[in-house]
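One structure is given below, encoded as structure tokens.
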């Protein structure tokens, strides 16, 4: 059962940012990364404590999803949309001058400590089973976890992101799709 939030928290500052460019130079200090090369696209994943970036490139352009609670260091050059992740949100956009369509949904929950711990164990096992890109770390309240899992298809990729923050018993889930649109 989710609890009510009465103060300004990370929950209220998480954003999903969509850029019509790569953020590779700005992400030089990421914790873990992975590249996926398909016939028609390349996907670069970077994961940081409590944040992630997905850089989708095709022959005609690039789009980057950045999910973070501290967007300040990232320039607004190429920024198409900034979506607050609190509660449940969804968004869809065709990236200008490309054949890339982007769809995302975000959901945040602030849980009781017991449910947070159960959720942490369940998602940690899922990450191990799926061999997902994972970053485990600790904050003053306990263990935290950031995960990016992908399902790849010929002309699209589905991305699930999970960020668990112990200090606030916070769980942020994102589900995104980058897809190549034919005939555009």
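The values are calculated or read from the model by the stated rules, or taken from the named source; none is laboratory data. Note that the coordinates shown come from a computational prediction; the quantities given were computed from them, not determined experimentally. Counting neighbours? That spans all protein chains shown, and the Cβs are built from the backbone with ideal geometry, glycine included.
Here are the numbers for the structure shown:
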item	result
Among (1) surrounded by 18 or more Cβ atoms within 10 Å (Cβ to Cβ); (2) out of contact with any strand residue (DSSP E or B) (no Cβ under 9 Å at 6 or more places or on another chain) - the single one residue 122 does not satisfy	(1)
Hits in the range 108-146 (condition: in a strand (DSSP E or B) and in contact (Cβ under 8 Å) with a residue 40 or more places away in the chain)	108, 109, 110, 133, 134, 135, 137, 144, 146
Residue 96 surrounded by fewer than 15 Cβ atoms within 10 Å (Cβ to Cβ), more than 16 Å from the chain's Cα centre (by Cα), closer than 25 Å to residue 56 by Cα and in contact (Cβ under 8 Å) with a residue 40 or more places away in the chain	yes
Inter-residue pairs, beta-carbon under 6 Å, first within 25 Å of residue 112 (Cα to Cα) and in the range 3-24, second surrounded by fewer than 16 Cβ atoms within 10 Å (Cβ to Cβ) and modelled with pLDDT of 65 or more, 6+ apart	15/82; 15/84
Residue count for the range 27-41, restricted to those that are out of contact with any strand residue (DSSP E or B) (no Cβ under 7 Å at 6 or more places or on another chain) and at pLDDT below 85	2
Pair list, Cβ under 9 Å, 6 or more apart: the range 161-184 residue at positive phi and touching a residue at least 40 places away in the same chain (Cβ under 8 Å), other residue surrounded by 17 or more Cβ atoms within 10 Å (Cβ to Cβ) and part of a loop (DSSP other than H, G, I, E, B)	169/111
